[in-house]
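S.K.: Shown below is the structure under consideration.
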Amino acid sequence: MSGQVLSPDAIAALVDAAKEGRLPEEAGPDRSRQRRMRTVDFTRPTKFTAEQERRIKRALDTFCRTASTRLSAELRMSLELEVISVNQLTWSNAHGQVPARSIACTVDVAPLGTRMLLSTEMNLVLSAIELLLGGSGTTVPRERRLTDIDWALARHFLDRVLAQLSVVFADLAELELSANALDMHVDTAQTAPVSEPTLAFTIEARMDRESATIALLLPHAAIAPVIDRLTAREDGDAVGDAHTADAVRSAVGRVEMTVRAEVASVELPIEEVLALRPGDVLRLDGRADAGVTIYAGDVPVHRGMPGRSGGRRAVQVTHRLEGGHA
């Protein structure tokens, strides 16, 4: 109002407005500037680094592939596991996201003497129990109160899950996991303080037309003594480490793969392939005296000469191919 002359009527109006608490707000010089605010979410700690989270996630992806194969063979039905979400929360918030109708399994972490939590939705456990008892698995089992036999079979199923999970944690940080106790009441399965930073992994389990989730809650304190192993370099010096190379060779040395010998090959349009008849001759892209190429899977690794060993066909290796090229 500075610099303005008010009339007597305007002054009277201001006095009346002041008595009624209706004084207009005076716009100061900074009214046009908006105050900036930043939201801080205290439910999402950052105790685990991005690299640590990424390495644990990659280990669980490996677990999903191996466990899917092993459990499908034991249950005699296809079971697919996939990590669908990773969140870093406090223990109380991560614990609160576990589905209510779940079986909670406290997991012992050796040799640290700490614990983590694995929970499985009830419909997956009931389906596994039915399949272990010889059921067809074509219908979704009805929820029921678990008997002693059900609990024994549920523990058997979770032991198999943890056996595969223990393998990847052994490779990750030389840790061994084992089931401690099973409980229907997830709220009572407390293994960490409510504010403990926790990685919450959600794994989807798909079986036939049914889907369920498995939750793994990993408190920071559960692996804190070995957390530095998750930040070690994965390349550089490790590549030339003889101990690492021997360990890798030992791990993959017994993996079976198809080895085949290919004389030569030629590409033809599909119409010419369909027109082939008995007695037709194909001219292959290769010399008759060049021998054969030995493949490991789809990778050419050796050259050799065809022959026989007793009554069986054989190939004698003549030299190794460099760089995977003939």
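Bear in mind these aren't lab numbers, they're just calculated from the coordinates by the rules spelled out. Since this is a predicted model, take the numbers as computed values, not measurements.
S.K.: Can you list the residues, at least 5 places off or on another chain, whose amide H is less than 5 Å from the amide H of E196, using H built in the peptide plane?
M.R.: Placed amide hydrogens put W91, S92 under 5 Å from E196.
S.K.: Using alpha carbon coordinates only, what is the Rg to Rh ratio of segment 259-324, with Rh defined as the Kirkwood radius?
M.R.: 1.04
S.K.: Quick one: which residues, 5 or more positions from G135 or on another chain, have an amide H under 5 Å from its amide H? H modelled 1.01 Å from N in the peptide plane, none for Pro or chain starts.
M.R.: The answer is none.
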